[in-house]
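**Q** Dropping the structure in here first, questions after.
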């Protein structure tokens, strides 16, 4: 073979070999950086029942959800119960995080993915740690931002490591401890109410609202000062509907709030089916704290009636929500309702939203007004038998518009 041909073959061989090398390296690189389905914490799913606490750190804030028997509670809120389903979803969610692709491992680029340490000035992530009974970490991670265009995908890294990952994540951590709490305390329908009373310990400026029967939708103020009237229906409606969806804003151990002093107010709701809910509230700083009591009073309960609606549409299609069969509550239903509310609230003061607190602590003087007296010459403008009004000689249209009667000098 000629020397020139050997040289050409050698060059071709080098190119082929080089290409093969780059191909292998590329494949190795792809294998190393693509690990679809591998868990972030291998083996953790078998140990989820060993988790005794969940610790969350965001910025300078840190809170812990701790297991006590079968109940999970917020350590920073005196152990007030957290929502079990949310705790379970978080623990299992961390165990099931599946890696999709390796990203940067350069520490100075982690902030771009919001995977910097929680106390970092820029790009701080959320640290989540699962601990066992002995306090040792079973798993700890930094949760970063959501990936663009990838539903359910976020950037994560293991605590103590710089390697960032794109992963399938089904974990949504609350920013504050109260995000783990069921904040809706009551869902009391206004149509169930019979009577509401608000008693002020400081000045006796009390409110009482009553309704004659269930069919009547309007509440009245049975006792008003002479010459006074309620300013507007919304003054009453705000009180009546205050417990329809009452959400709390904070919770504290009972020893932390003193229910005494001149700001003490007692608000009592009574229903036609015998439920009685009493809130005792007090102002501490600019926050209104309330404690709840719930009971069933058979003496207040009307006899149970038959269902009010039993029909369907002509073609058999179910009625829209709210129009389905209305079943009255039995004594057992109401008693169970009272016991459930009592179990949730006993021993805990709750911070109320300001707009709800205003209604629950309303004073009578804030609800009423005294209409101005009619002009003195109104009697002179009374219509005759035919309905015709004749103006007296000393009164003009201008006087009527001004609402004044001319004085004697003008007459």
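Since every read-out is calculated from the coordinates, none of them should be taken as a lab result. Model, not experiment: these values are computed from the prediction.
**Q** In cubic angstrom, how much convex hull volume per residue do the alpha carbon atoms of the range 44-177 span?
**A** 105
**Q** Another question, then. Which of rounded, prolate or oblate describes the range 131-188 when judged by the alpha-carbon gyration tensor and an a/c cut-off of 1.5?
**A** oblate
**Q** Next question. So if I take the alpha carbon set of the range 122-275, get Rg, then get Rh from the Kirkwood formula, what is the Rg over Rh ratio?
**A** 1.22
**Q** Once you sort the root eigenvalues of the Cα gyration tensor of the range 55-111 as a ≥ b ≥ c, which label holds: rounded (a/c under 1.5), prolate (a/b larger than b/c) or oblate (the other case)?
**A** oblate
**Q** Over the range 44-177, calculate the relative contact order: mean separation of alpha carbon pairs under 8 Å at least 6 apart, over the residue count, as a percent.
**A** 26
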